[in-house]
Amino acid sequence: MNLYMMNCELLATCSALGFLEGDTYHKEPDCLESVKDLIRYLRHEDETRDIRQQLGAAQILQNDLLPIIIQYPEDKQLFDAVIRLMVNLTQPALVCFGKLPQDASFRHHFLQTVSYLQAYKEAFASDKVFGVLSEKLYDLLQLDWEQRQEEDNLLIERILLLVRNVLHVPADSDEEKNIDDDASIHDRVLWAMHISGMDDLLKFLASSQSEQQWSLHVLEIVSLMFRDQNPEQLASTGQTRSAKERGTDMAELEVLRQKELAERKGRILQRSSRHSRFGGCYIIQGLKSIGDRDVVLHKGLHNVKNYTHDLGKEVRRVPKRQQRARDDEGTPRRSALSVRVFLKEFCTDFLENCYNRLMYLVKDHLIREKAQQHDETYYLWAMAFFMAFNRASSFHPQLVSETVGVRTFHFIEQSLTNYYEMMLMNKKEATSWSRRMHLALKAYQELLMTMHEMDHSQEEAVRNSSHILKNNVFYMMEYRELFLTLFRKFDERKQPRSFLKDLVETTHLFLKMLDKFCKGRNNVMVQTKKTKRRKKPQACPVTSNLQPQTPEELDEMWPKLAEHLSKCTEGSEPLPEDVVPFDAASEVPLEEQRADAMVQIQDSLLAGRAPEALSLLHSAREVWPEGDVFGSSSLAPDEEVELLKHIFFANLPRQAAPDEPEEAAEEEEIAEEELASVRVSEKEFSFLDYVKRFASANVVKAYILLFKNYQQNSTHTNHCVVKMLHRIAHDLKMEALLFQLSVFCLFNRLLSDPASGAYKELVTFAKYIVGKFFALASSNKKAYVELLFWKNSAVIREMTEGYRILQEGEGSNSRKTYQWTEAEEEELRELYYKYKEVEGEDVLNSILAHLKSNNRTRKQVAKQLVRLGLASSVRDFPHERKGTRIVLWTHDQEVELQRLFEEFQGTDDILGNVMRHITAKRSKARIIEKLLNMGLVSDRKELYKKRRRKPGFHDANNSMFPKDFGVPDLDEVNDEEEEEDDLDSEDEEEPAWEDGDSDMCHRLPDGRAKKKEAATSDRDSQELMRSLQQEGLSGPLLWLQSCLNRTADDREEDGCAQPVPLVPLSEENEDAMEHKGFQKLLQNVGIRAPASEQESFWRIPAKLSPERLWQLAASIALQGLADETNEHPDEEEVLETEGPRSLIPEKEESMQLPLGPKRTRLISSDEHESDSQGSSEEDGPRPAGKRKCLRIEEEEED
């Protein structure tokens, strides 16, 4: 669509507004309705802002809207509607598009919108328009709060927003090519505001106690008014030029004159008396060409100095993300004299009557978060601008007392930190955050300059206030560390040169004030903060000081313990009540402290404290009732004694003795969370030590980067740069930090500059550094090589004092390393070959135990094995973890296992019978692994428990799903999944105390009864689901299934589990959660009811594994599928007559693939949505958001 051609409806609406005849506007009867229609059209414009562009091209605001408010200001409804429309039309382009478009077409629309806004701003540069707005605003402000209606407040806000939008429009640099002291469009708008009295109304709003709600609007308008102004120049308007200013101008003119003379002299020298083709050829000795010969120059001698190998090369393109940030500050210009005089008077009145009160209100809004996002930037700008104006005109600290204080320093420091963090995180908006950071830095700089000006005040009270303020600022560590942080984090790709310039000047002022503050005192105490870092303790078994005892000693100790325990269980001896089996303050999760509690019980028994051991057993049973690991609550006294006997004789894993400190320091591969605690203290401050922290390569690089622009820098900026470099080179005696090739190239450019006479301070410093370098190079020939690198303090010390320092081990970074001799390497090889095939033993632990040298660490041994080629990586030697120790099988145990397997091979439960009859009790996982290693079974599935199906349900299953469909029997699916889940859970939840030959790994005698109860519970759940399906609760069942699947996926992905609440969001699900049968189903599947009044929802416990959750969800899906099949017994006939559905492709695929092992997976009906669209209408409507899941069997290729 051509945006310059308005559509019919929009054209008709604009035509119905009225027409302009001369200076008189005649409105149509439907003018008000037409304005409302335009507002409605703008509300529904597209992303290209087509309506806004069409109205801008038709100049509706210039030809219709502005004449309407000038001609009919008394028509309140029409005036309100037109103001609303103009506020919408004058919105900034960034607000309309959200951000600066990157696409070329959208960028064109963006620039077109900006051009229309610039035309609107030119139309507003009229005293008639602002006269009407000022009169209306004045009339509204005359009303008391009791008389003012809501519509009046809205109109006040819209007028302020309209003024804000007009002032916000950027200047057109192509159209406005005005010189200094010439009025631009922005100056004309400001002058119109002044003539109409709008500026006085703004000052009234800023100072009135009853108009506090407009404070942020006023501050935003004021900041836009002074957008292009310099506070120092504005303060000097109308005053005679001082001798200092005249001297500065003369120096600038002298620099320009010297450059012009040098260029003229160079052009004269380049002229040759002979023709260029007779210039001759020359050889430049000492400068090699591509080969081994010297370079041949085919030009005149006057070009010898300009020769370089880079001539003719293409300029290397710098990627966009590597380019330096650009300064947004354009060429400074002065406004017209009349405008500057009016703005100066405005600033003076604003400081005297409005500044303190307005800044207090704005700060209150910011702290209480009543302001909009980024409104603090206007606060920072106002602080920097008006404090600079006050300092430059006639310094009165009481006029800016609201923003001079420690709280202001803290606010700016927090803003700088926040902006820097956001600049790193939000990389797409890094430029905007950098600009805000620069604004905060300017405010900080102006605060310091105000304090510096207060020191020179004639009033003693002002000087005392400055002294107190400096004492507080210099005392706090955050304010001293701020500049170091900003220099170290400076990035020229994100932060412009103007930011670096202000940072250097602010740092110079801060150091100057701090130096003066310290010179007048013998000792200065400052605050310092030290961060103590401690590593997070790992989850490990409890360390015990008890020495391990032999089985014979344990047999001798047990009779006395058994007698003592019997007395305790009978109640003849009281039990201690203050024992706790876990550490509540530990960061180890409570579930992981179960093994530690078992070790505590064993330690109490070994120490002969029978009552304490029995009390610990009772407490642990209450804390960890799951699985009856510590016995059930119904145990008889003699059974408790027998359980304690098993614990007493068990070989429980214990924490190894701590290694030597060097090994602990080298364990970098273990991921440990560091917890930091800040300790605040005081120390005596040394200014020289503080300056030493600036002697860093990163800081010097930033200063050199600004030094390179010495020709564009001001005299004060160059002085600040040289002063800091002089502090480092002269005061700290670290001139070697500047011995760098790029720095010397810069010095060469400075010394060869024709206008170098204007930079005497820079030239003197450059000669000083170069002289120091050649003095050092006379004694240290390696200094020329050191020019290629940036250096730190250790390298500087080497250069100046000799390279033997670090070789002798005196350097700070020296580290003693242990070398491996040939004999030690041979010994390491022999030990590795000896213990690498030993099953169940850690290779590194065995090697360390038999090494002759005791100063080797585990990591050193692993690295040396990798160097010798005996291992491919250090990761081949993982650390031994808790609960994973492998117990060796003896020959007799293997023979017994083989005999039991052959004896029970024909039974339904091979694994269960073997576990019941084996002598040395082990977990299912260990027995299965051993059977596989011995070759007695080839697959885990051979050990699954064989279950007999119910004939009735089996027949119904076969009738619902014929074999042709490739769907397995539901009993087969459930049985196989239950067996797999049992075996997998044994692998994952292996007890930590299964070492040794104890029988603590198996559960208590009532475990088999619990399994029977679980099977009965599963059957009850199937009956409940069937009854709930018949009652019409299919939707809640599918919701429950999706919750289980989603929770299982999350737990598998995160690797950790937490209780997940079931939150019903629909009315149907809420009713189901109150249904007794549905609640019984939730209990059967293991979902926990609300524990207390503080909980409102049922929760999926953390102990349910992802496999168990998927199994429960699959059972719900299969039950729903079986019920749907029962409801549609003739579904197979429908499939045959109406075409293929979602199951038919699976049937064809299973027929084509060769026979092989089967695997089950869950297929969502959404995957076959396209295949089942043709028959979806015959199935009847399905509820939204529900999916049927089918467990089918796929044939796998061999």
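A few notes on this one:
- Members of the range 930-941 that are surrounded by fewer than 16 Cβ atoms within 10 Å (Cβ to Cβ) and farther than 15 Å from GLY912 by Cα: LEU932, ASN933, MET934, GLY935, SER938, ASP939
Condition check ((1) open to solvent by 60 Å² or more (accessible area, probe 1.4 Å); (2) of a type in the set (D, E, K, R)) across all residues:
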| position | (1), (2) |
| --- | --- |
| HIS410 | yes, no |
| GLN414 | yes, no |
| MET451 | no, no |
| ASP455 | no, yes |
| ASN464 | yes, no |
| LEU469 | no, no |
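- Residues in the range 769-806 that are open to solvent by 40 Å² or more (accessible area, probe 1.4 Å), among the hydrophobic types (A, V, I, L, M, F, W, C) and not in a helix (DSSP H, G or I): LEU788, PHE789, TRP790.
- In this structure, PHE389 qualifies as among the aromatic types (Phe, Trp, Tyr) and in a helix (DSSP H, G or I).
- Filter pass, LEU55 being among the hydrophobic types (A, V, I, L, M, F, W, C), open to solvent by less than 20 Å² (accessible area, probe 1.4 Å) and over 22 Å from ALA119 (Cβ atoms): no
- When each of ASP172, ASP182, ASP139 is tested for being surrounded by fewer than 16 Cβ atoms within 10 Å (Cβ to Cβ) and farther than 16 Å from SER335 by Cβ, the lone residue that passes is ASP139.
- So LEU216, is it open to solvent by 10 Å² or more (accessible area, probe 1.4 Å), closer than 19 Å to ILE70 by Cβ and out of contact with any strand residue (DSSP E or B) (no Cβ under 7 Å at 6 or more places or on another chain): no
- Residue list for the range 356-388, filter: in contact with a Cys (Cβ under 9 Å, 6 or more places away or on another chain) and without any contact (Cβ under 8 Å) to a residue 60 or more places away in the chain: none
- The condition of being among the polar types (S, T, N, Q) and modelled with pLDDT of 85 or more holds for only one of GLN905, GLN898, that being GLN898.
- Positions within the range 886-929 being surrounded by fewer than 14 Cβ atoms within 10 Å (Cβ to Cβ) and closer than 30 Å to ASP842 by Cα, in sequence order: ILE886, LEU888, THR890, HIS891, ASP892, GLU894, VAL895, THR919
- Yes/no for GLY883 being modelled with pLDDT under 75, open to solvent by less than 70 Å² (accessible area, probe 1.4 Å) and closer than 24 Å to LEU652 by Cα: yes
- Of residues in the range 279-327 being surrounded by fewer than 10 Cβ atoms within 10 Å (Cβ to Cβ) and of a type in the set (Lys, Arg), the one modelled with the lowest pLDDT: LYS305
- Of the listed requirements (1) assigned to a helix (DSSP H, G or I); (2) touching a residue at least 60 places away in the same chain (Cβ under 8 Å), ASP228 misses just one: (1).
- The residue that is farthest from ILE1116 (Cα to Cα), counting only those in the range 1022-1062 that are open to solvent by 60 Å² or more (accessible area, probe 1.4 Å), in a loop (DSSP other than H, G, I, E, B) and in contact with a helix residue (DSSP H, G or I) (Cβ under 9 Å, 6 or more places away or on another chain), is GLN1058.
The values are calculated or read from the model by the stated rules, or taken from the named source; none is laboratory data. Since the structure is predicted, the reported quantities are computational estimates derived from the model, not experimental observations. Cβ atoms come from the backbone with ideal geometry, glycine included; neighbour counts cover every protein chain shown. Heavy atoms of the whole protein, side chains included, go into the accessibility calculation; ligands, DNA and RNA do not. Shrake-Rupley method; radii C 1.70, N 1.55, O 1.52, S 1.80 Å.
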